[in-house]
Amino acid sequence: MRNFTPWLLRTRRIATDPGARLGAAKAHRTRPPVLRQSQAAGVMDAAGSGAQQNDPIALRDRLIVELLYATGIRVGELCGLDLGSVDREQWLLRVIGKGDKERSVPYGKPAADAVDLWLHVGRPAVATDSDTAADPWGQQSWDGPAPEPSRHQVTSQDLVADALLKRARRAPSRGWRRGLHRLTGGSVNPGESAGEARDAPLLDRIRQPIQGDYRIAFLSLKGGVGKTTTTIGLGSMFASLRGDCVIAVDANPDFGTLAQRVPLQAHSTVGDLIAAESTIRRYLDVRAHTSQAPSRSEVLASEQDPAISEAFSEDDYRRVIDILQVYYTIILTDCGTGIIHSAMNGVLQLANSVVLVSSPAIDGARSAAATLDWLQHHGYGHLVSRTVVVISAARPGSSTIDMTELTNHFLLRCRAVKVVPFDEHLAEGAVVDLDLLRPATQKAFVELAAMVGDDFPESAGRHAVAEWR
């Protein structure tokens, strides 16, 4: 009717619209039935009276009622709890709700007492041997029979700290968990999220120890593919996740822009550092010539005068590395788009590995492949097998290139391939701040850092790994 009368009005069959005064039909809603206060008190009393006699079934019922009352979780969520879901020190429940979303719910002392009574008194009274294996709320008795002796000869070497110490839960590093931890001054620690737990192996690879210093050369025959962005992004990720000193050197003879991707703190260049070589006695003497990113990674700028930058020779580069390797653990070198300029021979001879940056386009891929060919035929074949190829998307949207075929081609020759998605913050060409990157871009740089970090130990980084997205 409400659609019919406006049509009559538009077609001038009626002068006024009577349907405008009609209200929308709504289903009658009633409040759901709830317990009255007296009924709720009766439930609590009934659960508590039997529990006072240590009746195991009553202890179980009291536990159910106390947890539901204290946390407000759903009955289905309560049924999904297991012993690992209960933090008896922090009085927290880890609950899996709708959509498999995990959340931490605090509970109070009455519920904590109910949990302890059930685990220590109620559960052992009703459990059987099969229940002990199947029931997640079971616990191993400390005064039970001794375990069967093993053939292993027990010695003092078995008393390791990891087996004896009850370590505190790791503090969360991001999300609402971190906010809650900081808001409560650390008294409530919900622990790491599932995502942080998944990232732990990547962080272990990134934080592998380095003997001396580790030098990475960033190459690209084609400009505009994101080589400088990749250099500053990877350096920032290493500095933020490892905590030691990381520096990126701009060795581009064609007006390098690496220094423009960090806040300008020093006007010095590689030439100024070489000129001050005799006066350098400590880290702060070098720091006076560098600019630092928000991640604590540093940048040593190139000469902005084309005549001077072209004069940056192999000997000059070696002198710069001799200075930096004393104070920095990871040294990244952003090379120019050519591979025959004067300093390149020194860059490649001193490099531990290469990051080759390409674009998801035919010309970019061919240029990257040609770079590998040049390295192979000019005495740097050992670097080809230790190269990580980065395919950096320069524009949003998917590419028409078959990425599987492209990555497989490079994996036949190199150690690893990583695709870095397009990111508006990186495309600005300004100062790079990791906190402003999209989550997918942050994850890509973490995985890239882990791939490069696989080569830190002497025995690692010799085989291609299919790790790309």
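We did not get these values from a lab; they are worked out from the coordinates using the rules stated. Given the structure is predicted, the values throughout are model-derived calculations rather than measurements. Here Cβ is always computed from backbone atoms with ideal geometry, including for glycine, and neighbour counts include all displayed protein chains.
Order 353-360, 246-253, 369-376, 206-213 from most to least packed using the mean count of other Cβ atoms within 10 Å.
Details: 353-360: 24.6, 246-253: 26.4, 369-376: 17.1, 206-213: 13.9.
The peptides rank, most packed first, as 246-253, 353-360, 369-376, 206-213.
Which value, to two decimals, describes the C-alpha radius of gyration of the range 34-81 once divided by 2.2 N^0.38 Å?
Numbers: Rg = 11.2 Å, N = 48, 2.2 N^0.38 = 9.6 Å.
It is 1.17.
Given 0.36 nm per residue, what is the gain on full extension from ALA15 to ALA275 after removing their alpha carbon distance, in nm?
On the way: separation 260, 0.36 × 260 = 93.60 nm, distance 9.25 nm.
84.3 nm is the gain from fully extending ALA15 to ALA275.
Over the range 261-395, what number does the Rg to Rh ratio reach, with both radii from the alpha-carbon atoms and Rh per Kirkwood? Intermediate results must be reported in sequence, preceding the final value.
Working: Rg = 16.2 Å, Rh = 16.5 Å.
Computed over Cα atoms, the ratio is 0.98.
Over all pairs of distinct alpha carbons, what does the Kirkwood formula give as the hydrodynamic radius of the range 203-248, in Å? Please report the intermediate quantities before stating the final value.
Numbers: mean 1/r = 0.0839 Å⁻¹.
Here the Kirkwood hydrodynamic radius works out to 11.9 Å.
Above 22 Å lies some portion of the pair distances; for the range 318-460, what is it as a whole percent of all C-alpha pairs?
Working: 4575 of 10153 pairs.
Within the range 318-460, distances greater than 22 Å cover 45 percent of Cα pairs.
Quick one: if the Förster radius is 41 Å, what FRET efficiency do ARG2 and ARG74 give, using the C-beta to C-beta distance and rounding to 0.05? Walk me through the intermediate numbers first.
Numbers: r = 39 Å, r/R0 = 0.95.
Computed FRET efficiency for ARG2 and ARG74: 0.60.
If you take the square roots of the eigenvalues of the alpha-carbon gyration tensor of the range 229-305 and sort them as a ≥ b ≥ c, do you get rounded (a/c under 1.5), prolate (a/b over b/c) or oblate? Each step should come with its number before you reach the end.
On the way: a/c = 2.12, a/b = 1.17, b/c = 1.81.
Cα axes put the range 229-305 in the oblate bin.
For ALA41 and ARG174, compute 0.36 nm times the residue count separating them, minus their Cα-Cα distance, and round to one decimal in nm. Working shown, then result.
Numbers: separation 133, 0.36 × 133 = 47.88 nm, distance 4.08 nm.
So the chain would gain 43.8 nm between ALA41 and ARG174.
Which percent of the Cα-Cα distances in the range 392-436 go past 12 Å?
On the way: 673 of 990 pairs.
Of the Cα pairs, 68 percent sit more than 12 Å apart.
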